[in-house]
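Read the structure below first, then the notes.
What follows draws every value from the coordinates through simple rules; no lab data is involved. Worth saying up front: this structure is predicted, and the values here are computed from it rather than measured. Here Cβ is always computed from backbone atoms with ideal geometry, including for glycine, and neighbour counts include all displayed protein chains.
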Amino acid sequence: MVEGTLSFIIAVLILVFILWVLGKSLRLLLKFALNSLVGFIMLLFFNFFGALFNVELPVNIVTSFITGVFGIAGIAILLILKYMFHVI
């Protein structure tokens with residue numbers, strides 16, 4: 001009886017640990033997706049107003065992610081990469 005109860009408690013603890021690890025990784029994945037979405041929106045606004053000055057940045061998953069993670073500094077990094085180093 002005690003052995004069965006101990007096995008059950010260990011199984012529950014292992015299950016809780018697995019769910020905790022999956023929850024952490026899922027939250028991290030959702031955070032990256034949300035940051036990429038925000039970066040995409042920022043790039044669209046930048047391209048809309050940048051068209052007045054003939055300054056544009058490509059909108060794709062990489063540039064959206066960089067802009068989402070670094071914000072305005074990410075746009076500055078992308079501008080430097082595009083117009084100084086001709087990378088993008």
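How large, in Å, is segment 27-88 by the Kirkwood hydrodynamic radius built from its alpha-carbon pairs?
11.6
At a threshold of 8 angstrom on Cα-Cα distance, excluding pairs fewer than six apart, so keeping six or more, what relative contact order does the chain reach in percent?
Relative contact order comes out at 25 percent.
Which of the chymotrypsin sites (Phe, Trp or Tyr not before Pro) across segment 4-88 are loop residues per DSSP, with 14 or fewer other Cβ within 10 Å?
Filter output for segment 4-88: PHE85.
Only helices at least 15 Å long along their axis, Cα-based, and averaging 0.5 or more on Kyte-Doolittle count here, so list those DSSP H runs from the chain.
2-50, 72-83
Cut-off is 10 Å between beta-carbons; in what order do MET84, MET42 appear when sorted fewest neighbours first?
Exposure proxy ranking, most exposed first: MET84, MET42.
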